[in-house]
Every structure is written in structure tokens, then in C-alpha cells.
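To start, the structure under review is shown below, and the notes come after it.
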Amino acid sequence: MLNAVVKFVTKPLGFAQLRYASQGLPQLSSEKYNMSRKSFGSVESSDVNFFKSILGDDRVLTDEGDVQPYNVDWLQHCRGQSKVVLKPKTTQEVSKILSYCNQKKLAVCPQGGNTGLVGGSVPVFDEIVLHLGLMNKVLSLDEISGVLLCESGCILENLDSHAREHNFIMPLDLGAKGSCHIGGNVSTNAGGLRLLRYGNLHGSLLGIEAVKADGTIIDCLGTLKKDNTGYHLKHLFVGSEGTLGVVTKVAIHCPIMPKAVTLGYFGVESFENVLRLLKAAKLSLGEILSAFEMADFDAITTTTKNFKISNPISDYPFYVLIETHGSHEGHDSEKLNQFLEEQMASGLILDGTIASEPAKIQSIWGLRESIPSAGLRDGYVFKYDVSLPLQHFYRLVPQLRAKLGDRASVVYGYGHVGDGNIHINLTVPEYTKEIHSELEPYIFEEVSKLKGSISAEHGIGFSKRNYVQYSKDQSALHLMRELKQLMDPNGILNPYKVLPEVK
Ligand code: FAD
Ligand code: MLT
Ligand code: ZN
């Protein structure tokens, strides 16, 4: 067991080439969405003094310029009006802050790496931002079981590097890994690029420590794989997006680092053939298949154009990325090469390239992981993240292209086809309420008719809270409200998020 406390330096938002079409500040969320502030207390100078008595002057930000970045989300769709950012370093500090805020009815917005895509991580009005970035210590990594115990503000990529030093990997990987926190990942139940192989966080999360709205520390920080003693309370915090408690520590099961990684990148004629290829990959690659991703022509072309990177193969209507994680390099790359040959012969693959060298693997993954930010350079991006039965997976993309016509600069689809989860991005020159109201609730109605989920992995946050009913029955929503009332009776934790507005 490694018990050394490893501390990571928090990196700034690390998307090197990130650039937005608009240079100004986004519109205030309260105005854009015509919101009314709930009757919470307002932060007074006596409150700031109290926070400083716990954290010291340096970890209480009140200067407008210092606070600004914490008010704006990654997509630049939302802007809050917080005047205070608090940066605790310990669970006890989080507990004292929440206990005080609860008594004074001061609303709080927990924030991790602020890479969330549904506006959950930034305030709507003047909620206090509770930034977890200084809770960034790895507490232990068990060399045999692979159980990693760490604080919630650890950056995912740093944890993965640490795990790799000990022959493990983190069970999840996403394009935001250089900035997102493990606490944010747990709070959003992030999926990512290898869910197909390593499962979702409900399976990998062995234990959790969280602080309730009233400051009570809930210790469910077990490290056992099997533990059926009563209600599975840790799961309440998975995907609750900061509305039920603040996650302060986690225990995660890390899979062993694969000895061999191979990546194939293929051009495909039609979406039907993408599905045929998925079936063939499952049959031929079986237990070594670790990712099966797709992107359409517009997704790849927008990315190569905007980031001036090259596409390793020529133009095709669809692209598929297939990765294997195995234990024998020769064996695995032989399997993938044979797969490529067979599927070129069958006509499912039109062209392709296979990589087993880390640099080439990274550059192909880099292309895939840059898709989310590519459209931001061209205008305002409406982002949808839906689960659909595979036969309907791509259907909405042409439907939306037809609906918006030339009012959209580009509409594209990409995502985790192996998990039935498509991302649809629609770029328009600038935000208009008219286009917004043409898209919503239309898209959610369509998804609901097709028996899909309106949020596959990004969560509900602020921007989708009034559409949850398209994927949740009233009985389930009622229980969600009861749980919220039980755990946060004053509603101070991340108000205006997840639960639909009561009309
Ligand atoms: P934040 O954005 O800071 O917060 C997200 C939510 O969690 C908020 O509601 C916040 O209040 C809450 N929260 C954060 N920390 C805590 C805590 N310690 N306790 C309680 N609540 C907390 N998501 C996927 O699922 N799969 C992907 O493949 C994926 N790829 C992405 C790629 C890019 C380029 C970007 C920008 C985002 C991507 N995302 C993806 C979305 C996002 O990165 C994830 O949702 C991530 O898990 C958010 O982590 P974060 O630390 O940035 O959380
Ligand atoms: C992805 O799969 O790239 C992410 O979920 C981010 C996105 O859809 O924009
Ligand atoms: Zn995704």
C-alpha cells in the first residue's frame, strides 16, 4: 500500500487551443433564462470575515476580476453573479462553511474543474462558489487491489498519471481530463471514452466521503468491492450534480494498465455500416475491445479545419475509432489488422489506419477529443447528449439539419456508439431565442418518442432541468424532490439545478 500523500498542482483550464467565436462575456443566465432569485440570504462583509477566519485571506476571493472566471461555464452559455469564491483544503473546512451557510440560508454552488456542459458548475445568481481544486491529494493506492483513495479536487489526468506509475489506469477517460476533477466526475457520473470496457462510475466507485448541506460529514469511504450492508448511500451522490452534498473524498477501483494498446481509425460509407462494424468488432475483438467511437464527416472536418490538424485518412461520410486494451501487443495488433483486412474485404471499412505507437495513438485520440471544442470557434454551439436505441442513433442529425437549414453553420454527430450515446452539436453564427425555442423541447420530445434519454452522460445541471420529465416519470421526480428536501431542507446546495422549476 502506498500511503504517501501526493499533492498535485491545479492546472488552469488546459485546453491549449481553446478559442471562442465571441470574445465578450456571455449574457447573465438570470436574464437569458428569465429567472427569479429565490429568497436566500446575501453575502455580507461579516460573512466574508467569517469565511476568512476559517480559510485565511488568500482562500476567500472577493475581487471581481478574481471571481469572474468562476462565474462563467466552459461553453460560455451561462454566467452567474457570485461575489465570493471559497477554496477549502480539508473536509472539516467544507463542513464548517456549509454549516454556516445553512444557518444563514446562503446558497452555494460546488465547483470542480468547471468543464461541465450543462451549466451546473456556475452560479445563476449570487451563490457562493465552493471550489474544490485545493483538495487535491492522493491519499493511497493499493498496489494489489488497485484501490485509489483521494480527495475530490484531484485532476483526472493527474490521477491517471499517478495510477500508471503503479501499473494501473483510471477507469474513465474524457477529453476534459486535463481540467476536470474526480469529484466533478463522480458528481456528474461522467461516462467518457472507455465506458464500453470499464463500465460506469457506479461500478468503479467503492467509497465516498461527502458533506451534507448542514455540514454533517457522511463517511461512506469504504474500499471494498463487495459490501451489501444496507442502503447504497454512496450512489446517491453519483450524478447528483452538487445538489445533495459536496463530495470531498473518493475510493475508486483502478483497472490494471493494459500491456498493449492498439487503435484503428476507419472510414465508413453509411451509419448502417457503422452499426454492422460494431457488431463485427464485438464478435472479433471480444474481451480486448476498449472503445468504439464514431464521428460523422462534418464533425471531423470542422475539427481538422479549425485546429489545422490533419485527418490520417481521406474523406468519408463516417469515421470509426476502435481501440483495444490487451496483454499481448503482437497478438492484439494482429487481431485488429485481421479485422481491418476482413472488413475491407466485406466493404464495411473503406479505408483505415492502425496504430500501436503511443505518439500516433495520441494524435488520433487528439482528433477525436478535439471535436467538442472545434465548433466554439465558429459561433454559438447548441449541444445535445442523448442516449438512443442503436437503430435510431443517428436519426436526429439529418432531421435537425433539415429543420435548421442554412440558419445553422454546421450540424454534426459523434460519440460513444458502443454505449448508444450520441452527441449532436449545432453551430449557429450567434445565439437567438428563436432557434433555441425551435430546438427545445423539440429534440427532447423526439428523444422521448424514441425511448431514449435526454442526457446520456453530461447531466441535467441548469440548462436541461425543465426537461427532465421527458426521461423521468413523475413518480421518480417526486422521490427526487423528497430526497432533496431530506438532505438539503433549505435548498442551499446548487439551487436552480437538476430539479425542474416549480411553476
Ligand atoms: P464541474 O464542471 O466543476 O461541475 C459539474 C457538476 O458537478 C456541477 O453541478 C457541480 O456543482 C458538481 N460538482 C463538481 N465537483 C463537485 C463536488 N466535489 N461535490 C459535489 N458536486 C460537485 N462528460 C462525460 O460524461 N463524458 C465525456 O466524454 C466528456 N467529455 C468532455 C470533453 C470536454 C472537452 C469537455 C469540456 C467536457 C466533457 N465532459 C464529458 C463533461 C465534463 O467534463 C464532465 O461532466 C466532468 O465530469 C465534470 O467535471 P468537473 O470537475 O469539471 O465538474
Ligand atoms: C465527448 O464525448 O467528446 C464529450 O462528451 C464532450 C462533448 O460531447 O462535447
Ligand atoms: Zn461524450
Tell me whether region 172-179 contains one or more residues that are charged (D, E, K, R) and within 16 Å of ligand 3 (Cβ to nearest atom).
yes
Output the qualifying pairs, or none if there are none: Cβ atoms under 6 angstrom, residues six or more apart or on different chains, first residue in region 412-427 and aromatic (Phe, Trp, Tyr), second residue within 11 Å of ligand 2 (Cβ to nearest atom) and not in a strand (DSSP E or B).
TYR412/ALA299; TYR414/ALA299; TYR414/ILE371
Filter result for VAL108 (within 16 Å of ligand 3 (Cβ to nearest atom), buried (at least 22 other Cβ atoms within 10 Å of the Cβ) and either β-branched (Val, Ile, Thr) or over 28 Å from CYS150 (Cα atoms) (or both))
no
Can you name the number of the only condition in (1) modelled with pLDDT of 95 or more; (2) more than 19 Å from HIS416 (Cα to Cα); (3) within 16 Å of ligand 1 (Cβ to nearest atom) that ARG377 fails?
(1)
Out of curiosity, is GLY191 within 28 Å of GLN81 (Cα to Cα), within 15 Å of ligand 1 (Cβ to nearest atom), of a type outside the set (S, T, N, Q) and surrounded by 22 or more Cβ atoms within 10 Å (Cβ to Cβ)?
no
ILE354 is checked against (1) within 16 Å of ligand 1 (Cβ to nearest atom); (2) closer than 28 Å to GLY286 by Cβ and fails just one. What number does that condition carry?
(1)
Determine, yes or no, whether THR91 is farther than 12 Å from GLY242 by Cβ, surrounded by 20 or more Cβ atoms within 10 Å (Cβ to Cβ), among the β-branched types (Val, Ile, Thr) and in the same structural domain as PHE50 (by TED's automatic domain parsing).
no
Answer yes or no: is there a residue in region 110-130 that is over 21 Å from GLU209 (Cβ atoms), in a helix (DSSP H, G or I), more than 23 Å from the chain's Cα centre (by Cα) and in the same structural domain as ASP47 (by TED's automatic domain parsing).
no
Within region 133-168, of all residues that are in contact with a Lys or Arg (Cβ under 9 Å, 6 or more places away or on another chain) and in a loop (DSSP other than H, G, I, E, B), the one surrounded by the most Cβ atoms within 10 Å (Cβ to Cβ) is CYS154
I'd like to verify a number: residues in region 250-274 that are of a type outside the set (D, E, K, R) and either surrounded by fewer than 16 Cβ atoms within 10 Å (Cβ to Cβ) or in contact with a Cys (Cβ under 7 Å, 6 or more places away or on another chain) (or both), how many?
3
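A quick yes/no check of all residues on (1) free of Cβ contacts under 8 Å to residues at least 12 places away in the same chain; (2) within 19 Å of ILE169 (Cβ to Cβ); (3) within 16 Å of ligand 2 (Cβ to nearest atom); (4) outside the structural domain of ASP73 (by TED's automatic domain parsing):
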{"position": "PHE266", "(1), (2), (3), (4)": "no, no, no, yes"}
{"position": "PHE292", "(1), (2), (3), (4)": "no, yes, yes, yes"}
{"position": "ASN306", "(1), (2), (3), (4)": "no, no, yes, yes"}
{"position": "SER314", "(1), (2), (3), (4)": "no, no, no, yes"}
{"position": "GLY326", "(1), (2), (3), (4)": "no, yes, no, yes"}
{"position": "PHE339", "(1), (2), (3), (4)": "no, no, no, yes"}
{"position": "MET344", "(1), (2), (3), (4)": "yes, no, no, yes"}
{"position": "ILE349", "(1), (2), (3), (4)": "no, no, no, yes"}
{"position": "ILE361", "(1), (2), (3), (4)": "no, yes, no, yes"}
Contact list please: Cβ distance under 7 Å, first residue in region 365-382 and more than 21 Å from THR324 (Cα to Cα) and more than 9 Å from ligand 2 (Cβ to nearest atom), second residue acidic (Asp, Glu) and not in a helix (DSSP H, G or I), pairs at least six apart or on different chains.
GLY379/GLU430; TYR380/GLU430
If you check GLY175, GLY184, which single one turns out to be part of a loop (DSSP other than H, G, I, E, B) and either surrounded by 20 or more Cβ atoms within 10 Å (Cβ to Cβ) or near ligand 1 (Cβ under 8 Å from one of its atoms) (or both)?
GLY175
Can you find, within region 205-228, the residue that is surrounded by the most Cβ atoms within 10 Å (Cβ to Cβ) among those that are in contact with a helix residue (DSSP H, G or I) (Cβ under 7 Å, 6 or more places away or on another chain) and farther than 22 Å from PRO489 by Cβ?
LEU205
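Residues checked against (1) in contact (Cβ under 8 Å) with a residue 60 or more places away in the chain; (2) of a type in the set (A, V, I, L, M, F, W, C):
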{"site": "LYS38", "(1), (2)": "yes, no"}
{"site": "SER42", "(1), (2)": "yes, no"}
{"site": "SER46", "(1), (2)": "no, no"}
{"site": "PHE50", "(1), (2)": "no, yes"}
{"site": "LEU61", "(1), (2)": "no, yes"}
{"site": "ASP66", "(1), (2)": "no, no"}
{"site": "TYR70", "(1), (2)": "yes, no"}
{"site": "TRP74", "(1), (2)": "yes, yes"}
Within region 185-194, tally of residues that are within 8 Å of the chain's Cα centre (by Cα) and closer than 21 Å to ASN494 by Cα
4
How many residues, within region 357-374, are within 12 Å of ligand 1 (Cβ to nearest atom) and surrounded by fewer than 18 Cβ atoms within 10 Å (Cβ to Cβ)?
1
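The values are calculated or read from the model by the stated rules, or taken from the named source; none is laboratory data. Since this is a predicted model, take the numbers as computed values, not measurements. Methodologically, a virtual Cβ is constructed for each residue, glycine included, from the backbone with ideal geometry; neighbour enumeration extends over all protein chains shown.
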